[in-house]
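Chemist: Structure in structure tokens, see below.
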Amino acid sequence: MTGYLPVVIYLGLIVAFSVVSLAAARVLSPSRPFAAKLESYECGAEPVGDAWVQFPVGFYLVALLFIVFDALAVFLFPWVLAVRGLGMWGIGTMVLFLAILSLGWFYAYRERILEWR
């Protein structure tokens, strides 16, 4: 248990800081609601229509592809740092990884997911 004591203390400090910060923000923040503050903000333009509009699926697909490829690209950085120690096995593994990643990109391109319609 003594090995976990610094972790428990640190966790307690984090929780205490969070509670104190939120309480101080609630007490010190001004509360002056008025009609303009409660409206949707659209870059200074008057809001037109309902706020719950349906976006095309393409927006979500592009965002999902971005997240997937961005998360997979993170694996390139540790590989670059350790490539000399890995030898040909490390290079072959990364070539296979990039080939699978490229297949996913070509599939998305072929299905026209990346085109704006």
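Chemist: Would you confirm whether any residue within the stretch 27-41 is assigned to a helix (DSSP H, G or I) and at pLDDT 85 or above?
Modeler: Yes, the stretch 27-41 contains a residue that is assigned to a helix (DSSP H, G or I) and at pLDDT 85 or above.
Chemist: Name every residue in the stretch 75-117 that is of a type in the set (Lys, Arg) and within 21 Å of VAL62 (Cβ to Cβ), in order of residue number.
Modeler: Within the stretch 75-117, ARG110, ARG112, ARG117 qualify.
Chemist: On to the next question. In the list LEU98, LEU86, which residue meets the criterion of being among the aliphatic types (A, V, I, L, M), at pLDDT 80 or above, assigned to a helix (DSSP H, G or I) and in contact with a Ser or Thr (Cβ under 8 Å, 6 or more places away or on another chain)?
Modeler: Just one listed residue meets the conditions, LEU86.
Chemist: Which residues, taken from the stretch 95-117, are within 24 Å of the chain's Cα centre (by Cα) and of a type in the set (A, V, I, L, M)?
Modeler: LEU98, ILE100, LEU101, LEU103, ALA108, ILE113, LEU114
Chemist: Can you report the number of residues in the stretch 49-67 which are aromatic (Phe, Trp, Tyr) and under 13 Å from the mean Cα position of the chain (by Cα)?
Modeler: Summing the residues that are aromatic (Phe, Trp, Tyr) and under 13 Å from the mean Cα position of the chain (by Cα) in the stretch 49-67 gives 1.
Chemist: Out of curiosity, is GLY49 exposed (fewer than 10 other Cβ atoms within 10 Å of the Cβ) and either modelled with pLDDT under 80 or not in a helix (DSSP H, G or I) (or both)?
Modeler: Spelling it out, GLY49 is indeed exposed (fewer than 10 other Cβ atoms within 10 Å of the Cβ) and either modelled with pLDDT under 80 or not in a helix (DSSP H, G or I) (or both).
Chemist: Moving on to the next point. Only residues that are loosely packed, with under 10 Cβ neighbours inside 10 Å and within 22 Å of the chain's Cα centre (by Cα): list them for the stretch 68-94, please.
Modeler: Passing the criteria: ASP70, ALA71, VAL74, PHE77, PRO78.
The values are calculated or read from the model by the stated rules, or taken from the named source; none is laboratory data. Bear in mind the structure is a predicted one, so any value in this text is a computation, not a measurement. Positions of Cβ are backbone-derived with ideal geometry, glycine not excepted, and every protein chain shown enters the neighbour counts.
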